[in-house]
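All remarks here apply to the structure that follows.
The values are calculated or read from the model by the stated rules, or taken from the named source; none is laboratory data. As the structure is a computational prediction, the values presented were derived from the model and not from experiment. Here the Cβ is made from the backbone with ideal geometry for all residues, glycine too, and neighbour counts use every protein chain on show. Remember, those area values only see protein heavy atoms, side chains included, never the ligands or the DNA or RNA. Shrake-Rupley method; radii C 1.70, N 1.55, O 1.52, S 1.80 Å.
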Amino acid sequence: NLGESIHFVISGGLSSLYQGLPIIILGVTAGSYDVGIYSSAHRIVFAAVFVLSVPLMAIYPVLSDFHKNDPAGFKRLFHYSSVAMISGALACTVLLYVLSPETVRVLLGGGFDAAVPVLQILSGFFFLRVIREIFVIALSSAGLQKFYSLASVFSVLFMLCAFPLLVYVVRADMLTSAAVSMIITEAGVLLIMLAVWRRKVALP
């Protein structure tokens, strides 16, 4: 119904804003060179997230049906799919980190060597983001979309706090701050979703 679907709209909009915030902030605080370098690594990581999220999208209707008709089956399917996805995400994260120079060279060509350390940092974000997608699908299947909307609100707030903290307190450079801010934000959002899962799904 409309009341439930509005949460998908809110969370989707806030998630898109959060994903683009580092680029927006860099556009204001840094130069076009930093924006270009960060954006190139950013696109690679989110393309990888999308590819690894496809299997989760495929099991969403199955999880929804199980949650309604077979709660025990719902938890079993979530457990097995989580183990498979986390294992795959870990392997891909290691490959993404180790092969960052080759990935940048092949996908971006020469002149983007500065994107390698950014991509290596964002490989940590990649791992956390895939785990987040696992819980997004599970919570949505359980009809708990409103809690994902809440987590999406915090993602924007975390990012707006983490970036200036790293730049002006820790004195990290702009590119490192943008990339590490993504990891901090993703970790915070994941903790919220884990708490919701434990209280609303796992314990009952």
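Structural remarks
- Single match in SER64, SER15 (criterion: among the polar types (S, T, N, Q), in contact with a helix residue (DSSP H, G or I) (Cβ under 8 Å, 6 or more places away or on another chain), part of a helix (DSSP H, G or I) and over 21 Å from VAL189 (Cα atoms)): SER64
- Evaluation of ALA179 against (1) assigned to a loop (DSSP other than H, G, I, E, B); (2) in contact (Cβ under 8 Å) with a residue 60 or more places away in the chain; (3) small (Gly, Ala, Ser) (one fails), failing number: (1)
- Under the condition of being surrounded by fewer than 16 Cβ atoms within 10 Å (Cβ to Cβ), of a type in the set (A, V, I, L, M) and under 16 Å from VAL130 (Cβ atoms), the residues counted in the range 11-66 number 5.
- GLY111 falls short on exactly one of the conditions (1) open to solvent by 40 Å² or more (accessible area, probe 1.4 Å); (2) at negative phi, and that condition is (2).
Conditions tested, residue by residue: (1) over 17 Å from HIS42 (Cα atoms); (2) modelled with pLDDT of 85 or more; (3) open to solvent by less than 30 Å² (accessible area, probe 1.4 Å).
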{"residue": "VAL106", "(1), (2), (3)": "no, yes, no"}
{"residue": "ALA115", "(1), (2), (3)": "no, yes, yes"}
{"residue": "TYR148", "(1), (2), (3)": "yes, no, yes"}
{"residue": "TYR168", "(1), (2), (3)": "yes, yes, no"}
{"residue": "MET182", "(1), (2), (3)": "no, yes, yes"}
{"residue": "THR185", "(1), (2), (3)": "no, yes, yes"}
{"residue": "MET193", "(1), (2), (3)": "yes, yes, yes"}
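- Of the residues making up the range 87-97, not a single one is open to solvent by less than 70 Å² (accessible area, probe 1.4 Å), out of contact with any Cys (no Cβ under 8 Å at 6 or more places or on another chain) and not in a helix (DSSP H, G or I).
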